[in-house]
Ligand SMILES: CC(C)(COP(=O)(O)OP(=O)(O)OC[C@H]1O[C@@H](n2cnc3c(N)ncnc32)[C@H](O)[C@@H]1OP(=O)(O)O)[C@@H](O)C(=O)NCCC(=O)NCCS
């Protein structure tokens, strides 16, 4: 997703003082309509990716308070299907920060609306880059990492980052 409000409404990129900032979960709730389903009656992967992209961009926007663009989609595992009529909850938070990039952890939970039974259906990472008012990469604040969960997310983010760098190495 390119999270760039039109030029007229776009505020200038906010500078930050270098103090670490937290990234609380951003959660959105949806339901699965038939037009988003495959012939098996479960949601299309592409629809899940769209929801992840929007939700993660909001997590980055709230964290960095700048425009952001999706730079890469990192491994996203579809572990369980979500069925038509079920509640789908998307949760994202910035898990790792580089100089101008942020790796976001995303989780999708499916919920049976009648029983309340919940299961983790999709889990993955997306990578965003913060942009200044001229559309150039701009530094992001450092991430505040305090809890055991945040440390575990950071460690996974580091592994995702290492894979990105390996992939970008010139072949030779
Ligand atoms: C992402 C983008 C802004 C990077 O621009 P760039 O000039 O290559 O930026 P740089 O080389 O200075 O790198 C900036 C950061 O992006 C990261 N990055 C650049 N290309 C990347 C890629 N292909 N995959 C993952 N990360 C990437 C770099 O690692 C760096 O992170 P760091 O500052 O934390 O170390 C640019 O490639 C772009 O605009 N892409 C299109 C984005 C878009 O349209 N997204 C929506 C698609 S649907």
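The values are calculated or read from the model by the stated rules, or taken from the named source; none is laboratory data. What you see is a predicted model; the values in this text were computed from it and never measured. Don't worry about glycine lacking a Cβ; one is built from the backbone with ideal geometry, like all the others, and counts go over all protein chains shown.
Things worth noting here:
- Residue match in segment 94-105 (condition: closer than 20 Å to residue 36 by Cβ and without any contact (Cβ under 8 Å) to a residue 60 or more places away in the chain): no
- Checking 104, 90, 108 one by one, the residue that is in contact with a strand residue (DSSP E or B) (Cβ under 8 Å, 6 or more places away or on another chain) and either within 14 Å of the ligand (Cβ to nearest atom) or farther than 17 Å from residue 25 by Cβ (or both) is 104 and no other.
- Any hit, segment 143-153, residues being assigned to a strand (DSSP E or B), in contact with a strand residue (DSSP E or B) (Cβ under 9 Å, 6 or more places away or on another chain) and within 16 Å of the ligand (Cβ to nearest atom): yes
- Test: residue in segment 63-72 that is at pLDDT 95 or above, touching a helix residue (DSSP H, G or I) at 6+ places or on another chain (Cβ under 7 Å), over 13 Å from residue 23 (Cβ atoms) and surrounded by fewer than 17 Cβ atoms within 10 Å (Cβ to Cβ): yes
- For segment 31-80, the set of residues classified as part of a strand (DSSP E or B) and at positive phi is empty.
- Test for residue 80: is it in contact with a strand residue (DSSP E or B) (Cβ under 8 Å, 6 or more places away or on another chain) and farther than 23 Å from residue 24 by Cβ: yes
- Matching residues, segment 128-142, being surrounded by fewer than 22 Cβ atoms within 10 Å (Cβ to Cβ) and near the ligand (Cβ under 8 Å from one of its atoms): 131, 135, 136, 137, 139
- So residue 171, is it part of a loop (DSSP other than H, G, I, E, B) and in contact (Cβ under 8 Å) with a residue 60 or more places away in the chain: no
- Filtering segment 12-30 to residues that are modelled with pLDDT under 95 and either within 18 Å of residue 129 (Cβ to Cβ) or in a strand (DSSP E or B) (or both) leaves 12, 13, 14, 15, 16.
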